[in-house]
Amino acid sequence: MIIEYVGQSIRQVIADMRERRYEKEGIGSSYLFRVDQDTIIDATKCGNLARFINHSCNPNCYAKIVTVEAQKKIVIYSRQSVNVNEEITYDYKFPIEDEKIPCLCAAENCRGTLN
Ligand SMILES: [Zn+2]
C-alpha cells in the first residue's frame, strides 16, 4: 500500500455541479475520482498527496476500491518494487468520451489519450 486517495465523499448530483463550477473557474475536474456508480471522491479543495499522482499507460501502481467499516475508500498500491526517486503513477482508467484528453505519459505503449 502506498497511500489512500483522500477527499470529500460526494454523490453524483453534487459531483456534476462541482465539475461545472470547477470548469468555469478554470480549476478543471481532474481531482474527482469515481468510487462507484453514485459515489465520487473530490480531492479538489481538500485532499492529500495522492491527488498529485500522475496517470501512466504503463504505471507502477494501481488504484483499488477497498471497504473499511462499510465505507468505500480508494487506495493506491504498487504493482512492483518502486525505486527511490521513481515517479509513482497509475492508470486513471477514465471512461471513453468524445472529447479526448491527450496523454503525455511517454510510455512505449501510450494510448495517446486518457479517455
Ligand atoms: Zn499514455
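Tabulated data for the structure shown
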| read-out | value |
| --- | --- |
| Subset of region 62-89 (residues that are β-branched (V, I, T) and either in a helix (DSSP H, G or I) or farther than 21 Å from G7 by Cβ (or both)) | V82, V84 |
| Residue check for Y90: out of contact with any helix residue (DSSP H, G or I) (no Cβ under 9 Å at 6 or more places or on another chain) and open to solvent by less than 90 Å² (accessible area, probe 1.4 Å) | yes |
| Residues of region 94-111 classified as out of contact with any Cys (no Cβ under 6 Å at 6 or more places or on another chain) and either free of Cβ contacts under 8 Å to residues at least 24 places away in the same chain or of a type outside the set (D, E, K, R) (or both), total | 11 |
| Any chance I65 is open to solvent by less than 50 Å² (accessible area, probe 1.4 Å), more than 9 Å from the ligand (Cβ to nearest atom), in contact (Cβ under 8 Å) with a residue 12 or more places away in the chain and not polar (S, T, N, Q) | no |
| Options I96, I88; residue that is modelled with pLDDT of 95 or more, within 16 Å of the ligand (Cβ to nearest atom) and aliphatic (A, V, I, L, M) | I88 |
| Residue selected from region 34-59 under the condition in contact with a strand residue (DSSP E or B) (Cβ under 6 Å, 6 or more places away or on another chain) and within 16 Å of the ligand (Cβ to nearest atom), by the criterion modelled with the lowest pLDDT | N54 |
| Top-ranked residue of region 30-61 - restricted to ones that are loosely packed, with under 15 Cβ neighbours inside 10 Å and part of a strand (DSSP E or B), ranked as nearest to the chain's Cα centre (by Cα) | N54 |
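The values are calculated or read from the model by the stated rules, or taken from the named source; none is laboratory data. Here the structure is a predicted model, which means the values were calculated and not measured. In this analysis, Cβ positions are derived from the backbone assuming ideal geometry, glycine residues included, and neighbour counts consider all displayed protein chains. With ligands, DNA and RNA removed, areas are computed over all heavy atoms of the protein, side chains included. Shrake-Rupley method; radii C 1.70, N 1.55, O 1.52, S 1.80 Å.
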